[in-house]
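The values are calculated or read from the model by the stated rules, or taken from the named source; none is laboratory data. None of the values given here were measured: they were computed from a predicted structure. Heads up, the Cβs are rebuilt from the backbone with ideal geometry, glycines too, and the neighbour counts pull from every protein chain shown. All accessible areas refer to the heavy atoms of the entire protein, side chains included, with ligands and DNA or RNA removed. Shrake-Rupley method; radii C 1.70, N 1.55, O 1.52, S 1.80 Å.
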Amino acid sequence: MSSPAPVTGPLNTRASLTAGLRSLGVRPGETLLAHTSLSSLGWVCGGAVTLVQALLDAVGPDGTLAVPTHSGDNSDPSGWGNPPVPESWWPAVRANMPPYDPRTTPSHGVGVVPETLRTWPGALRSAHPQTSFAALGPGARALVEDHALDCRLGEQSPLARLEESGARVLLLGAGYGSCTAFHLAEYRIAGPAVRNSFAVRTSSGPRWTTVTDTSVSDEGFAELGADFERSHPVVRGTVGGATARLFPLAAAVAHAERWLPAHRPRTP
């Protein structure tokens with residue numbers, strides 16, 4: 001029997017990650033929207049818990065840390081493709097989908113770090129069944145409250161509150177394709193409306209709900225990010241083994257508002 005492959009580095013600890021984040025430019029007291037790839041850092045002693053601790057250490061007790069805690073699996077089965085389910089199942093899926101609960105619904109498809117912060121003592125989470133955000137710190141409540149059901153990532157979402165607060169975006173081992181801030185720009189330019197469905201909890205019990213919302217897509221976000229970086233002072237560096245970027249959320253949204261109509265036009 002062959003031996004397991006040895007662990008590769010670099011070795012990361014809470015102290016070393018905090019130091020790396022501070023060297024990158026993360027400031028005590030700031031509001032930070034973090035998109036992270038734990039595996040890109042190398043070997044982290046303590047895993048996701050250690051990285052969350054380091055992020056909280058970097059912003060300090062007066063800072064606020066936010067992450068996307070999306071749960072897109074709470075959606076209409078007619079649109080599922082990975083994998084699809086038989087059409088004959090659709091009514092049963094809609095009738096039995098567990099309704100969104102910010103306390104218990106796990107995040108889906110956004111990595112282990114958001115799920116770790118979501119369950120952290122004191123963390124607060126917004127109310128959208130598919131595109132929630134969780135936050136921890138003095139500004140958390142103001143960021144996550146009043147997330148409208150018909151506004152996944154627009155003016156009545158935490159993204160707009162993050163913009164108002166002067167937040168910066170940290171891409172830690174993640175590319176611009178993960179930059180949710182760009183979606184806020186989609187709500188400010190011409191684009192198609194879509195019907196969006198999910199299960200919610202009401203005072204009378206679970207209810208399958210359909211709303212009209214703005215269509216969103218991350219198509220072209222990598223190219224958009226590269227163009228943003230060519231014309232704006234994005235801080236770049238390395239934290240552990242990961243490439244890291246740090247930039248103002250408002251600047252990214254403003255650039256996307258100009259870039260998207262020219263490079264990815266959509267018909268309303």
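At a glance:
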quantity: Formal net charge of residues neighbouring residue 171 (Cβ-Cβ distance under 11 Å; K, R +1; D, E -1); calculated: +2
quantity: Neighbour-limited loop hits for GluC sites (Glu not before Pro), the range 135-174 (at most 14 other Cβ within 10 Å; DSSP other than H, G, I, E, B); calculated: 145, 155
quantity: Per residue accessible area in Å² of the chain, where ligands, DNA and RNA are left out and the probe is 1.4 Å; calculated: 46 Å²
quantity: Listed peptides 129-135, 46-52 by packing density, highest first (mean Cβ within 10 Å); calculated: 129-135, 46-52
quantity: Rg(Cα)/(2.2 N^0.38 Å) for the chain, N = residue count; calculated: 1.04
quantity: Gain on full stretching of the segment that runs from residue 101 to residue 193 - 0.36 nm per residue minus C-alpha separation; calculated: 30.5 nm
quantity: Relative contact order (%) - criterion: Cα under 8 Å, at least six apart; region: the chain; calculated: 22 percent
quantity: For the range 135-187, alpha-carbon Rg over 2.2 N^0.38 Å; calculated: 1.15
quantity: Three principal axis lengths of the range 48-101 [C-alpha, angstrom, descending]; calculated: 52, 21, 16
quantity: Kirkwood Rh (inverse of mean 1/r, distinct Cα pairs), the range 142-225, angstrom; calculated: 14.4 Å
quantity: Förster radius 22 Å - calculated FRET efficiency between residue 150 and residue 266, Cβ distance, rounded to 0.05; calculated: 0.75
quantity: Computed [θ] at 222 nm, helices only, for the chain once each DSSP H run of length n ≥ 4 contributes -39500 (n - 2.57); calculated: -8500 deg cm²/dmol
quantity: Spherically averaged projected area in nm², based on the convex hull that wraps the Cα atoms of the range 101-165; calculated: 4.2 nm²
quantity: Neighbourhood net charge (15 Å Cβ-Cβ; Lys/Arg +1, Asp/Glu -1) for residue 20; calculated: +4
quantity: Pairs of Cα atoms farther than 17 Å apart, the range 218-268, %; calculated: 40 percent
quantity: The chain - percent of accessible surface contributed by carbon and sulfur, probe 1.4 Å; calculated: 55 percent
quantity: Anisotropy class of the range 1-82 from Cα gyration tensor, a/c 1.5 cut; calculated: oblate
quantity: Whole-Hz couplings from phi, Karplus 6.51/-1.76/1.60, listed for the range 46-61; x for Gly and Pro; calculated: x, x, 4, 4, 4, 5, 4, 4, 5, 5, 5, 4, 5, 7, x, x
quantity: Three-way shape label, the range 1-146, alpha-carbon gyration tensor, a/c 1.5; calculated: oblate
quantity: Three-way shape call for the range 89-217 based on the alpha-carbon gyration tensor, with the a/c threshold at 1.5; calculated: oblate
quantity: Distance between the range 163-239 and the range 18-59 - C-alpha centres, whole angstrom; calculated: 21 Å
